[in-house]
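> Mind looking over this structure? Questions follow.
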Amino acid sequence: MKETVLLTGATGFLGGYVIDELQKFGYRVIAIGRNEKRGRELEKRGCTFFQIDFTDREALEHVFAQEAIDYVIHAGALSSAWGKWEDFYRINVSGTTYIAELVMQYKVKRMVYISSPSVYSDKCDRFNILETDVDKNNRLNYYIRTKIMAEEALQTFQKKGLHVVILRPRGLIGKGDPSLMPRLMRANSKMGIPLFNNGRNLVDITCVENVAYACFLAMTAEGVEGQVFNITNGEPKEFQVLLEQFCHAANERARFLKLPFSVIYAAACVFEWIYKTFRLKSEPVLTKYTVCTLAFSQTLDIEKAREKLHYEPQKTLEEGIREYGDWWSANRKN
């Protein structure tokens, strides 16, 4: 009989790739998400789909009660550089807590939680970051703060018997990417990609297929309960070089807009103050998190994942860039 995996965030970018990975190894997948159209597409691929919000505990418990769930991969989150504190807390902290409680109540074998390396973000270069190199008082934005809080909650549950593994995958790229590369490619076609420090800051990114594979490993590896793992392609590149490669793969000419960090960061602070003060709903043109992400190096040490999960990237960055460039060229809107 097939083992069953419940996947939250199944209708998102990573979700589809995780489903492919799990089905490849013969698992049955219960997909949880809010996008009904996408969910119906997943059903055609052999998933059982429930259109629910995982912050709705009653609806979520109904799924746990009627299905024999062996594993949970919690990939759902409010992932944004801007928004209301109440929304981030409800989704990223309370929602994660609900899932952990149900995992324990229904004796699920293991929960894999998709966290974020944004917890390492700072206004400086950081190299070869270890999983322990987290400032728990990081207040750069609400997303980071609630991801740290969710991890802390899971570690508390782990001490009470929860079997959980936490992944921090960095900069997902791949066909269907709705945010990271499209934003940069659109900026390239309009005014040029913002460039700080002459684009020499090192960037660590990850082919989404490798993250899906890491989810499978985190779910099945022995002796890793309660541990946290960085996940990247292990191929850091200078920001300008990386973008030039993406543009070349997409048959576009790379255009860059060189900017002074101190001035732009100060502008981001002003924008954030205005939006908070006047409670504007849209995202500011600039945020401190976005500026720091573009301006500074951030590379992650993945030796722990290699040693304990036996993780090795299945797709190289060169392959991922080439495939994304082909996809972007075929799907971009003129």
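The values are calculated or read from the model by the stated rules, or taken from the named source; none is laboratory data. None of the values given here were measured: they were computed from a predicted structure. Reconstructed Cβ throughout: ideal geometry from the backbone, glycine too, with neighbour counts over all protein chains shown. Ligands, DNA and RNA are excluded from the accessible area calculation, which covers all protein heavy atoms including side chains. Shrake-Rupley method; radii C 1.70, N 1.55, O 1.52, S 1.80 Å.
> Kindly provide the set of residues from segment 195-229 that are part of a strand (DSSP E or B) and under 22 Å from the mean Cα position of the chain (by Cα), ordered by number.
Restricting attention to segment 195-229, the residues satisfying the condition of being part of a strand (DSSP E or B) are 195, 202-203, 206-207, 228-229.
LEU202, VAL203, THR206, CYS207, VAL228, PHE229, listed by residue number.
> Given (1) under 22 Å from the mean Cα position of the chain (by Cα); (2) among the polar types (S, T, N, Q); (3) open to solvent by less than 10 Å² (accessible area, probe 1.4 Å), where does THR4 come up short, assuming only one miss?
Going through (1) under 22 Å from the mean Cα position of the chain (by Cα); (2) among the polar types (S, T, N, Q); (3) open to solvent by less than 10 Å² (accessible area, probe 1.4 Å) one by one, THR4 breaks only (1).
> Just one of GLU151, GLU131, GLU209 is touching a residue at least 12 places away in the same chain (Cβ under 8 Å), open to solvent by less than 70 Å² (accessible area, probe 1.4 Å), acidic (Asp, Glu) and in contact with a Ser or Thr (Cβ under 8 Å, 6 or more places away or on another chain); which is it? Explain how you work it out, then say what you get.
Working: GLU131 fails: in contact with a Ser or Thr (Cβ under 8 Å, 6 or more places away or on another chain); GLU209 fails: in contact with a Ser or Thr (Cβ under 8 Å, 6 or more places away or on another chain).
Exactly one residue qualifies, and that residue is GLU151.
> Continuing with the same structure: Every residue in segment 58-74 that is open to solvent by less than 80 Å² (accessible area, probe 1.4 Å) and either at pLDDT below 95 or farther than 22 Å from PHE88 by Cα (or both), please. It would help to see each step written out before you state the result.
Keep residues of segment 58-74 that are open to solvent by less than 80 Å² (accessible area, probe 1.4 Å), which gives 59-61, 63-65, 67-74.
Once the filter is applied, which keeps residues that are open to solvent by less than 80 Å² (accessible area, probe 1.4 Å) and either at pLDDT below 95 or farther than 22 Å from PHE88 by Cα (or both), segment 58-74 yields VAL63, PHE64, ALA65, GLU67, ALA68, ILE69, ASP70, TYR71.
> Go through (1) in contact (Cβ under 8 Å) with a residue 24 or more places away in the chain; (2) more than 18 Å from VAL72 (Cβ to Cβ); (3) over 23 Å from the mean Cα position of the chain (by Cα) for GLU43 and report which single condition fails.
Of the numbered conditions (1) in contact (Cβ under 8 Å) with a residue 24 or more places away in the chain; (2) more than 18 Å from VAL72 (Cβ to Cβ); (3) over 23 Å from the mean Cα position of the chain (by Cα), the odd one out for GLU43 is (1).
> Quick test for you: out of ALA295, ALA305, pick the one residue that is open to solvent by less than 10 Å² (accessible area, probe 1.4 Å) and either under 27 Å from GLY83 (Cβ atoms) or modelled with pLDDT under 95 (or both).
On the way: ALA305 fails: either under 27 Å from GLY83 (Cβ atoms) or modelled with pLDDT under 95 (or both).
Going through ALA295, ALA305 in turn, the sole match is ALA295.
> Restricting the first residue to segment 96-107 and requiring it to be within 26 Å of TYR143 (Cβ to Cβ) and open to solvent by 60 Å² or more (accessible area, probe 1.4 Å), which pairs with a second residue that is part of a helix (DSSP H, G or I) and of a type in the set (D, E, K, R) meet a Cβ separation below 7 Å and a spacing of at least six or different chains?
Filtered contacts from segment 96-107: TYR98/ARG57.
> Turning to a different aspect of this structure: Restricting to segment 26-57, and then to whatever is polar (S, T, N, Q) and closer than 24 Å to PHE88 by Cβ, can you tell me which residue is least open to solvent (accessible area, probe 1.4 Å)? Walk me through how you get there before you give the answer.
First, the residues of segment 26-57 that are polar (S, T, N, Q): 35, 48, 51, 55.
Narrowing further to those that are closer than 24 Å to PHE88 by Cβ: 35, 51, 55.
Working: ASN35: 73, GLN51: 94, THR55: 25 Å².
So the residue we want is THR55.
> Of everything in segment 308-320, what is open to solvent by 10 Å² or more (accessible area, probe 1.4 Å) and either in contact with a Leu (Cβ under 9 Å, 6 or more places away or on another chain) or charged (D, E, K, R) (or both)? Give them in sequence order.
First, pick out the residues of segment 308-320 that are open to solvent by 10 Å² or more (accessible area, probe 1.4 Å): 308, 310, 312-316, 318-319.
Answer for segment 308-320, where residues must be open to solvent by 10 Å² or more (accessible area, probe 1.4 Å) and either in contact with a Leu (Cβ under 9 Å, 6 or more places away or on another chain) or charged (D, E, K, R) (or both): LYS308, HIS310, GLU312, LYS315, GLU318, GLU319.
> Now for a different question. Quick one: how many residues across segment 183-192 are open to solvent by 10 Å² or more (accessible area, probe 1.4 Å) and more than 16 Å from VAL291 (Cα to Cα)?
Step one: filter segment 183-192 for residues open to solvent by 10 Å² or more (accessible area, probe 1.4 Å), giving 183-184, 186-187, 189-191.
Among the residues that remain, those that are also more than 16 Å from VAL291 (Cα to Cα) are: 186, 189-191.
Qualifying residue count for the region: 4.
> Kindly provide the set of residues from segment 309-334 that are outside any helix (DSSP H, G or I) and closer than 21 Å to LYS237 by Cα, ordered by number.
The initial filter retains those residues of segment 309-334 that are outside any helix (DSSP H, G or I), namely 310-316, 332-334.
Within segment 309-334, TYR311, GLU312, PRO313, GLN314, LYS315, THR316 meet the criteria.
> Could you pull out the residue among LEU167, LEU180 that is within 26 Å of GLY234 (Cα to Cα) and either at pLDDT below 95 or open to solvent by 20 Å² or more (accessible area, probe 1.4 Å) (or both)? Give the derivation first.
Numbers: LEU167 fails: either at pLDDT below 95 or open to solvent by 20 Å² or more (accessible area, probe 1.4 Å) (or both).
On inspection, the qualifying residue turns out to be LEU180.
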